[in-house]
Structure formats: C-alpha cells, structure tokens
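The values are calculated or read from the model by the stated rules, or taken from the named source; none is laboratory data. All values reported here derive from a predicted model rather than from experimental measurement. Here the Cβ positions follow ideal geometry from the backbone for every residue, glycine too, while neighbour counts run over all protein chains shown.
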Amino acid sequence: MTVWSQVPDMPVLLKLENATTGVNAERAATTTTTGAWETISFDFSEEGDLTFESVTVFMNFNVLGDTDQTYYWDNLVQGEPLDVTQNDLVDIAMYPNPATSVVTLEASQEIATIQIMNLLGQTVSIIEVNNTSSTVNVSQLRTGVYIANVLFSNGSVQTMKFIKE
C-alpha cells in the first residue's frame, strides 16, 4: 500500500480480521520518508490460506505525541506489488504534493489536456495544455484527494493522485 505521513519513521499496522472464524493476523511496517508518498509492504505469506472479512489500518500505531497530524493511505493491493520501474508510461512529475494553491506537472512528452476529478469521479476541471509542462491552480478546490487524468498528444493517458490541503 502507499502511505503519506508528515512525520518520519511512522509505524503502520495492518490487521486482517475474520469475525466468523476468529482468526486475525497483523503485521507492522515503518515509513522512511516525510511529506511524500511511499510504498510499504506487509508479508502475510506465513499465514497460509488466510481468509478475512475486514482490513484495519492503524497509522502511527502505538505512538504518543501530537494528535494534530495528517496521514493518508491508498492503493492497498493483495498479491505481488507492481514494479513501477517496469512500466512504459511517460516520465512525468507532479509537485508539490500535497498542494495548497498550485500543482506543477512536467513531462517528457507533450501534455494535451489535464482532467481533474474528485474521488466520486466527478470532473471538477479540464485544462488544455499543449506543452510539456503546466501549472494548475488548485486553490479553489476543497481539501481532499484528487485524481489528475493526463492525456498526452500521442493519445496515451496517465493517472496521478494529489492532495489538496
């Protein structure tokens, strides 16, 4: 799964639960970055054929401290994680993430348009670019997670997530 934390070395606990059988399994991992998305993994291979009814994620598990902290998680995948270095997608960067007023996109190929959508799948903005870079004003968006569908001039599409603070 991918996580974002504003504090370093944050412990994350992932718990799989089956209320019917009473079988539970949990694993912990620790983040290594601050203020950026990173992928962490939990190895449940020793559990055999584990079936579960619920998944619980504990962010900053068992740590006392400031209660006014923000954490995000996404892309919880069961199975072997995809190796992002093996894709044939366009080289593209989006920053800052999280953002308060603008998000900049820089790509190795020409960007035709950028479609910004909320997590309900509703389009909130479409920006015509026709360049390899663009600065998108996100100041009018509500705080939350958004999806940027980037359409390139060659017809390929790449989807990126960003957080509006």
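Brief remarks on what is shown
- Qualifying residue in the stretch 35-53 (condition: assigned to a strand (DSSP E or B), of a type in the set (Asp, Glu) and under 14 Å from Trp73 (Cα atoms)): yes
- Hits in the stretch 131-156 - residues which are in a strand (DSSP E or B), in contact (Cβ under 8 Å) with a residue 40 or more places away in the chain and either more than 19 Å from Tyr72 (Cα to Cα) or of a type in the set (Phe, Trp, Tyr) (or both): Val150, Leu151, Phe152
- Flag not set for Thr123, criterion: under 13 Å from Val157 (Cα atoms) and modelled with pLDDT of 80 or more.
One line per residue, one yes/no per condition, for (1) within 15 Å of Thr70 (Cβ to Cβ); (2) over 15 Å from the mean Cα position of the chain (by Cα); (3) exposed (fewer than 12 other Cβ atoms within 10 Å of the Cβ):
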position	(1), (2), (3)
Pro8	yes, yes, yes
Lys15	no, yes, no
Asn18	no, yes, no
Ala29	no, yes, no
Thr34	yes, no, no
Asp43	no, yes, yes
Val57	yes, no, no
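- Some residue of the stretch 118-136 being charged (D, E, K, R) and either over 22 Å from Thr2 (Cβ atoms) or in contact with a Pro (Cβ under 9 Å, 6 or more places away or on another chain) (or both): yes
- Any hit, the stretch 140-147, residues being under 23 Å from Thr39 (Cα atoms), modelled with pLDDT under 80 and surrounded by 11 or more Cβ atoms within 10 Å (Cβ to Cβ): no
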